[in-house]
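Asker: I have a structure here, written as structure tokens, and I will follow up with some questions on it.
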Amino acid sequence: MALPGGYTSPERFVRAAFLRSYISNTETVDGALTGIFHLLDNVTIPKGVNIKKRRRNRLYSISGRF
């Protein structure tokens, strides 16, 4: 089964829930924070991405304004 790779909220939530199950257990606070921040890096929306909805497909575009 493939993970969703889009930028919509449900797709990012599924990806975050899946990746959360693979964060390694650490005994230090620094290690735990590093794992969480790496997870968040995988589900953030890059600056400049616009989500335009069509009826059945989603179109992702990157605007030139940053």
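Throughout, read-outs are computed from the coordinates displayed, never taken from laboratory work. Keep in mind it's a predicted model, so treat the numbers as computed, not measured. Neighbour counts are summed over all protein chains in view; Cβ atoms, including those assigned to glycine, are modelled from backbone coordinates with ideal geometry.
Asker: Please go through the range 20-52 and pick out each residue that is in contact with a Leu (Cβ under 9 Å, 6 or more places away or on another chain), in a strand (DSSP E or B) and of a type in the set (A, V, I, L, M, F, W, C).
Answerer: Once the filter is applied, which keeps residues that are in contact with a Leu (Cβ under 9 Å, 6 or more places away or on another chain), in a strand (DSSP E or B) and of a type in the set (A, V, I, L, M, F, W, C), the range 20-52 yields only Ile51.
Asker: To continue, here is another question. Can you tell me which residues in the range 21-44 are among the hydrophobic types (A, V, I, L, M, F, W, C) and either within 16 Å of Pro4 (Cα to Cα) or touching a strand residue (DSSP E or B) at 6+ places or on another chain (Cβ under 7 Å) (or both)? First the steps, then the outcome.
Answerer: Taking the range 21-44 as the starting set, the residues that turn out to be among the hydrophobic types (A, V, I, L, M, F, W, C) are 23, 29, 32-33, 36-37, 39-40, 43.
Residues satisfying the conditions are Leu39, Leu40, Val43.
Asker: Just the residues that are touching a residue at least 12 places away in the same chain (Cβ under 8 Å) and either closer than 20 Å to Val49 by Cα or loosely packed, with under 14 Cβ neighbours inside 10 Å (or both), please, taken from the range 19-35. Explain how you work it out, then say what you get.
Answerer: Initial filter on the range 19-35 (touching a residue at least 12 places away in the same chain (Cβ under 8 Å)): 19-20, 23, 35.
Within the range 19-35, just Arg20 meets the criteria.
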